[in-house]
Amino acid sequence: MSSAGGLSRRRGAGASDSAHNSSAPSSGPQSGGSRRSSTDGKIASDPRDLQMEDENKTQPRLTLMEEVLLLGLKDKQGYLSFWNDNISYTLRGCILMELAFRHRIAMVKDPNRRKYPLADRYIEVVSEKLTGETLLDEALKMIGSTQERMSVGQWIDLMSGETWNVMKIGFQLKQVRERLAKGLVDKGVLRTEKRNFLIFDMATHPVTDSAVKEEVVKRACTALINRSTGSSPSLAEQNSPVVYQQLRTVAMVCSAYAANVLENALVYLNHEMRERAYTKVDELLNDYSVYPFQSNASKGELAGKELQMEIIAAVLNVFTKMDSIL
């Protein structure tokens, strides 16, 4: 099955939107960092910085959103295909999955939730600890700021700006692709250039550290052409008790597929191997868009984290309803 084709939003998007009074979230995380006291001249440290440093040691260098964006970027030109409108919606789903992987959000623990489809189950913030990633922290504050419980599908729609409810326009996350690209510039993966497109100038972000993108491409290909769904984890993942290497890779390749950028990772494979890869990603979506997962590979590691992993399944379930992969 080819991943080519036009995207429209998930079918049935924009479930019930009830009005509520909610202010727009702040534009970024509270910045910590060492500060020099004006009273005694000593250096003061913010305890949150130490917490973030400890967590950063256990987290991979790139978030799911950054990996998907990186796969979509043209290496030398530094921009996404102008015809790809899949990626914006998919990136919002990746934000929810990343927050779930980092144990910041979870499904509301209610036995009755199983009566409803995965995408319609409510989520809540279980930890307000900042991640140090601007977009993640903005989304975390936004989800925690509302008293109204909303579902996985509703949050993806709202963060994408897909609502007729004017009271909820403030939940839209704007300029996500550009902000992710700038984050990758800060991490030394991309650089910023200005490119002229006849009638206008546009900032582009060519790849600077090709080894980082090659590692993402290698993981995607390994996961899809091997019999096992696992892959060789990065050094940070090998030392991490927090990151679920196999499930993160599954989430990444399925998101890349939904965003219509997976073909960029498979371009170096021959025709037979590409067909095998597309068949495999279909199988992964079927196995991991339900909960409990159909695959037994990760069940031992996920014990006690079911409410977070249920969000992963719910987001992938939303992706299966996107017209681009039907």
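One table, with the values for the structure above:
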{"quantity": "Principal semi-axes in Å for the range 50-325 [√(5λ), Cα gyration tensor, largest first]", "calculated": "27, 23, 19"}
{"quantity": "Ranked list, fewest to most other Cβ atoms within 10 Å of each Cβ, for Y268, Y288, Y122", "calculated": "Y268, Y122, Y288"}
{"quantity": "Gain in span if fully extended, N84 to T192, counting 0.36 nm per residue against the direct Cα distance", "calculated": "36.8 nm"}
{"quantity": "Whole-number percent relative contact order across the range 50-325, with pairs defined as alpha carbons under 8 Å at least 6 apart", "calculated": "28"}
{"quantity": "Distance (nanometres) between label positions extended 7 Å along Cα→Cβ at W164 and E124", "calculated": "3.1"}
{"quantity": "Which of E128, E263 has the fewest Cβ neighbours within 10 Å, and the rest in rising order", "calculated": "E128, E263"}
{"quantity": "In nm, spacing of pseudo-spin labels at V108 and Q77 (7 Å Cα→C-beta vector)", "calculated": "4.5"}
{"quantity": "Ranked I123, I225, criterion: other C-beta atoms within 10 Å, fewest first", "calculated": "I225, I123"}
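Any read-out appearing in this document is the output of simple, stated calculations on the displayed coordinates, not a laboratory observation. Since the model is a prediction, treat every value here as computed from it, not as a measurement. No Cβ is skipped: glycine too gets one built from the backbone with ideal geometry, and neighbour counts run over all protein chains shown.
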